[in-house]
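The structure appears below as structure tokens.
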Amino acid sequence: MNISLVNNDTVSGIVKMVVEKKDYEAQVEKQLRQYRQKADIPGFRKGMAPLGMIRKMYGKYLLTEEVNKCISENLLKYIRTNGIGILGEPLPNETEQQPIDFDTQEDFEFYFDIALSPQIDIKLTAHDTLTYYKINVDDAMLQEQIDSYCRNYGSQETVEDVEASDFVKGILSELDENSAPKEDGILVTEASLIPAYLKDDDERAKFIGLKPNDSVVFNPGRACNGAAAEIASLLKIDRERAAEINSDFRFEVKEISRHRNAELNQKLFDRIFGDNTVKTEEEFREKVKLSLDEQLKIESEYKFQIDMRTFLIEKTGDVAFADGLLKRWLLTNRENTPEKVEEEFPKVIDDLKFNLAKEYIVSSNGLQVENIDIENTAKKVARAQFAQYGMLSMPDHVVESYARDILKRKETYDEIAGRALHDKLTDWLKNRIEIETKEISHEEFAKLLA
């Protein structure tokens with residue numbers, strides 16, 4: 001097989017592949033013999049049909065299949081072996097390619113267009129600067145987090161009279177025009193509501209102060225301001241029927257429960273941070289502040305990654321790409337349309353520039369990811385996921401076990417390895433340019449991302 005590259009220009013080229021008879025003949029003959037052994041053709045014992053007949057029946061199909069196999073196995077191999085940087089994937093050439101006739105030809109020529117990776121040279125200077133935004137944990141944010149812990153670790157207790165935010169259980173029955181239970185009306189034996197969620201002030205007020213076994217007549221339609229979804233949920237009916245409900249209902253109170261926030265005591269400290277890790281309210285507040293710092297650090301790093309991406313894209317400068325060829329490649333995705341490709345193409349070019357910049361820095365500086373880097377990144381991801389659910393004090397062995405499970409899945413492993421390499425690149429860049437740390441409030445930070 002003869003494969004060669006003809007450069008059109010600095011950003012594109014044509015790969016010419018010549019597939020000769022010797023490249024496929026032996027494999028086609030092998031496949032024909034295997035087909036013959038399996039063929040069950042009328043008039044012949046199984047496996048005894050003439051090879052010429054088998055060739056006539058299946059030869060063209062097997063030839064086509066084997067030639068395509070030669071192409072798929074050798075095209076990308078040639079590109080990798082010769083260190084040819086390409087963008088996207090090779091595409092059939094639309095001008096050089098001649099019609100192929102598998103009935104008469106023995107040697108075949110194929111031409112493929114490739115978009116070449118442009119050469120870039122990123123130069124950093126002493127004047128290059130990026131800002132790292134450190135988000136301050138103010139008193140209001142700290143107290144909000146503590147209040148959240150107290151709510152989340154609170155408890156429900158039974159009480160004797162209804163307040164607006166209480167959870168009220170009872171029996172709900174539809175009434176007729178005489179305020180008597182409606183025949184074949186709606187009856188909910190395990191109804192529940194929270195008065196504070198009722199939208200009408202007058203209807204809500206009817207529940208305040210009620211005690212177990214008290215009852216009240218109210219109108220769900222008015223109470224929910226006609227919201228069919230809320231009425232349906234309360235009466236346990238479908239939305240279509242709920243939209244037509246205008247009857248009064250009687251609610252007989254059976255049970256009242258009230259949420260009590262957890263107190264700032266040792267029990268709460270242990271539940272959040274582990275046994276005897278924190279022993280005083282002052283230590284608790286400091287520990288919560290540190291955990292918030294860690295969570296906000298993730299947001300700061302995210303913003304820094306955005307700014308670093310913009311910085312590296314700008315550092316690539318004006319780079320020429322094979323725009324037409326890249327757009328053709330994007331259109332091989334059936335979800336894309338010409339209009340969508342045109343609209344999103346500037347973003348595609350920025351993505352390509354960023355990836356080129358990363359590859360250049362990684363290659364030029366010998367940045368490598370070791371197994372320990374991947375494992376540490378997996379543990380960071382694991383701890384971050386636990387933290388999202390308020391589990392801030394997971395033992396090391398639990399985190400390590402979860403991290404190992406993450407890495408067992410190939411897709412996740414590749415993603416973690418990519419993050420580890422990206423972290424190395426980020427650390428490298430932080431040590432090569434000026435990083436200005438700016439402390440700001442969370443509100444100011446949110447405006448930067450808006």
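The values are calculated or read from the model by the stated rules, or taken from the named source; none is laboratory data. Nothing here was measured: the structure is a model prediction, and the numbers come from that model. Backbone-built Cβ (ideal geometry, glycine too); neighbour counts: all protein chains shown. The protein model used for the area step is the full one, side chains on, heavy atoms only, and it has no ligands, DNA or RNA in it. Shrake-Rupley method; radii C 1.70, N 1.55, O 1.52, S 1.80 Å.
Keeping all protein chains in the complex and leaving out DNA, RNA and ligands, what accessible area do you get for Leu5 with a 1.4 Å probe, in Å² to the nearest 10?
60 Å²
With all protein chains present, calculate the accessible area of His259 using a 1.4 Å probe and round the result to the nearest 10 Å².
We get 80 Å² for His259.
Sequence gap at least 6, Cα distance under 8 Å: using those rules, report the relative contact order of the stretch 265-343 to the nearest whole percent. Could the numbers behind the result be given before it?
Working: 24 pairs, mean separation 10.0, N = 79.
Dividing the mean separation by the residue count of the stretch 265-343 yields 13 percent.
Going from most exposed to least, what order do Asp405, Asp139 have by accessible area with a 1.4 Å probe? Could the numbers behind the result be given before it?
On the way: Asp405 65, Asp139 125 Å².
The residues order as Asp139, Asp405, largest area first.
Given springs between every Cα pair under 10 Å in a Gaussian network model of the chain, which of Leu87, Leu421, Leu76 has the largest fluctuation?
Leu76
May I ask for the angle, rounded to the nearest 10°, between helix 410-430 and the longest principal axis of the chain, with both axes built from Cα atoms and the value confined to 0 to 90°?
Around 90 degrees separate the two axes.
For the chain, build the charge dipole from Cβ charges (+1 Lys, Arg; -1 Asp, Glu) around the Cα centre, then report which of Gln295, Ala242, Ser72 sits farthest towards its positive end.
Going by the charge dipole, the pick is Ser72.
Rounded to whole Hz and in sequence order, give me ³J(HN,Hα) for the stretch 314-324 from the Karplus expression 6.51 cos²θ - 1.76 cosθ + 1.60, θ = phi - 60°, writing x for Gly and Pro.
5, 5, 6, x, 7, 10, 7, 10, 7, 4, x
Rounded to the nearest 20 Debye, what is the dipole magnitude of the chain about its Cα centre when Lys and Arg each give +1 and Asp and Glu each give -1 at the C-beta?
Values: 62 positive and 86 negative charges, 458 e Å.
For the chain, the charge dipole is close to 2200 debye.
Pop out the ³J(HN,Hα) list for the stretch 434-440 in order, Karplus 6.51 cos²θ - 1.76 cosθ + 1.60 with θ = phi - 60°, rounded to Hz; leave Gly and Pro as x.
7, 10, 9, 8, 10, 8, 9
Which percent of the accessible heavy-atom area of the stretch 118-263 goes to carbon and sulfur, probe 1.4 angstrom?
43 percent
Report the accessible area of Leu198, computed with a 1.4 Å probe over the heavy atoms of all protein chains in place, in Å² rounded to the nearest 10.
Looks like 10 Å² after rounding.
Once every DSSP H run of n ≥ 4 in the chain is given -39500 (n - 2.57) and the sum is divided by its residues, what mean residue ellipticity at 222 nm do you get, rounded to the nearest 500 deg cm²/dmol? Let's see the in-between values first.
Numbers: 15 runs with 223 residues, N = 450.
One gets -16000 deg cm²/dmol as the mean residue ellipticity at 222 nm.
Could you give me the ³J(HN,Hα) list for the stretch 111-120, computed from phi with Karplus coefficients 6.51, -1.76, 1.60 and θ = phi - 60°, whole Hz, x at Gly and Pro?
10, 10, 7, 10, 8, 7, 5, x, 7, 10
At 1.4 Å probe size, with every protein chain present, just tell me what the per residue accessible area of the chain comes to in Å².
Values: 27460 Å² over 450 residues.
Per residue, the chain has 61 Å² of solvent-accessible surface.
When a/c is below 1.5 the answer is rounded, else prolate if a/b is larger than b/c, else oblate, so apply that to the stretch 304-450 with a ≥ b ≥ c taken from the square roots of the Cα gyration tensor eigenvalues. Spell out each step's value before the answer.
Working: a/c = 1.70, a/b = 1.48, b/c = 1.15.
Note, shape of the stretch 304-450 comes out prolate.
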